[in-house]
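A.B. asks: Just dropping this structure here.
Taken together, the values in this text are just the output of simple stated rules run on the coordinates, not laboratory data. Everything numeric here is computed off the predicted structure, so don't read it as measured data. Cβ coordinates were reconstructed from backbone atoms using ideal geometry, including for glycine residues, and neighbour counts include every protein chain displayed.
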Amino acid sequence: MSELLVDFITSLDGYASGEGWPGFWGLEGPEYLAWLGRQPEVTYLMGANTYRLMSGFAAGAVPAGQDEFRPEEEASVDELTQASKVVFSSSLEEPLTWANATLVRDDAVERVRAMKSSDSGLLSTIGSLSLCRSLLRAGLVDRFRVVMFPVITGATGEERIYDGYPDVALEMIEHRTFDGRIQLVEYKPRVLEHPPLGRPA
C-alpha cells in the first residue's frame, strides 16, 4: 500500500512563492540541497496549474524577474523531469509534452484512493494547493511535511497555502534544521470535525 505525502516549501507566513523571489527564496544551503538529493523515489501528483508552470520551466522558461536559472533550480527541474508524474486535469490535452507525465481526468480523490490501495512506494504532491486540500479533506494524507524558509513575504507573497483548509490536528513525527536557518516539520494529520474544546456535552 502506498503512503501519501503532502510536501510544501513555504515562507514563514505560509506562502508558496513570492513575486520577484527566486526558487527557495534564494536561501537554500548545502545541507538542505544534500538532503533533497537523498530523497526516495516518488510518484508526483499535481494539478494543471502546477503542470503548466513546471513543464514550462523544463522546456526552458525562466521565472519572472530572472534572466536564467540558478544551478540549484535547474537541478531541481531536471530531477522532476526524470520522475514519474500523475497530472489531474480536465483542461489539459493529451499527449502531455513533459516526459514521464500521465494525464488523469478521473476524480482525483477517488483515483488517489485507488492508487494508495493498489500501488507500493511513495506518492507525493508538488505545489497544487487545491489538490492537496482535497486529498487532506478526504483523509488520504499520511504525512504532511513543511519546510519553512526564514523569510516573511507579507508584501510580495503569492499562493497562500492554508486558506480554505479544515481544522487539522497534527502529530509531529519529524523535525530538523538545515544550514542553521531552514526548518523542517513533518506531521501525521487528522482532520477535525470541530475544535477539541467545542465538543457537545
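A.B. asks: Please name which of VAL62, ALA108, GLY121 has its Cα lying farthest along the dipole of segment 23-129 towards the positive end, using unit charges on Cβ (Lys, Arg +1; Asp, Glu -1) and the Cα centre as origin.
C.D. replies: ALA108
A.B. asks: State the volume of the convex hull built on the alpha-carbon positions of segment 1-107, expressed per residue in Å³ and rounded to an integer. Could the numbers behind the result be given before it?
C.D. replies: Working: hull volume 14.5 nm³, N = 107.
Considering the Cα atoms of segment 1-107, their hull volume per residue is 135 Å³.
A.B. asks: Then there is this: Could you compute the net charge surrounding VAL62? Neighbours are other residues with a C-beta less than 13 Å from the C-beta of VAL62; K and R count +1, D and E count -1. Don't jump to the answer; show the numbers that get you there.
C.D. replies: On the way: positive: ARG70; negative: ASP67, GLU68, GLU73, GLU74.
Local net charge: -3.
A.B. asks: Counting other Cβ atoms within 10 Å, which GluC sites (Glu not before Pro) in segment 1-39 have at most 14 and lie in a DSSP loop?
C.D. replies: Filter output for segment 1-39: GLU19.
A.B. asks: Place +1 on the Cβ of every Lys and Arg and -1 on the Cβ of every Asp and Glu in the chain, take the dipole about the Cα centre, and give the residue among VAL146, LEU80, LEU33 whose Cα lies farthest towards its positive end.
C.D. replies: VAL146
A.B. asks: Sticking with this structure for a sec: DSSP loop (so not H, G, I, E, B), at most 13 other Cβ within 10 Å: list which GluC sites (Glu not before Pro) in segment 92-201 pass both filters.
C.D. replies: Details: sites: GLU93, GLU110, GLU158, GLU159, GLU171, GLU174, GLU186, GLU193; in loops: GLU93, GLU193.
Counting only loop positions with at most 13 other Cβ atoms within 10 Å, the GluC sites (Glu not before Pro) in segment 92-201 are GLU93, GLU193.
A.B. asks: Ok, one more. Between the alpha-carbon centers of segment 157-186 and segment 84-153, tell me the distance in whole angstrom.
C.D. replies: The two parts, judged by their Cα centres, are 18 Å apart.
A.B. asks: For segment 149-201, what size does the Cα cloud have along each of its three principal axes, sorted from largest down, in whole Å?
C.D. replies: Answer, in whole Å and largest first: 47, 29, 14 Å.
A.B. asks: May I ask for the net charge around SER2, where only other residues with Cβ less than 14 Å from the Cβ of SER2 are counted and Lys, Arg are +1 while Asp, Glu are -1?
C.D. replies: Charge balance near SER2 sits at 0.
A.B. asks: Provide the percentage of antiparallel DSSP beta bridges, counting only those with both residues in the chain; round to the nearest 5.
C.D. replies: 45
A.B. asks: Could you point to the label whose value was computed as P(r) over Cα pairs in 10 Å bins from 0, in percent for the structure here, given (i) 8, 32, 39, 17, 3, 0, 0; (ii) 9, 36, 37, 15, 3, 0; (iii) 10, 40, 38, 12, 0?
C.D. replies: Correct label is (i).
A.B. asks: Right, another one. Under unit Cβ charges (Lys, Arg +1; Asp, Glu -1), what dipole magnitude, rounded to 20 debye, does the chain have relative to its Cα centre?
C.D. replies: Dipole size: approximately 700 debye.
A.B. asks: Semi-axes of the equivalent ellipsoid for segment 109-185, please: Cα gyration tensor eigenvalues, times 5, square-rooted, ordered largest first, whole Å.
C.D. replies: Here the semi-axes work out to 25, 17, 12 Å.
A.B. asks: Counting Lys and Arg as +1 and Asp and Glu as -1, what is the net charge of the other residues whose Cβ lies under 12 Å from the Cβ of LEU103?
C.D. replies: Summing Lys/Arg as +1 and Asp/Glu as -1 gives 0.
A.B. asks: Once you compute Rg and the Kirkwood Rh from C-alpha atoms, what is the Rg to Rh ratio for segment 1-63? Intermediate results must be reported in sequence, preceding the final value.
C.D. replies: Details: Rg = 13.6 Å, Rh = 14.1 Å.
Dividing the radius of gyration by the Kirkwood radius yields 0.97.
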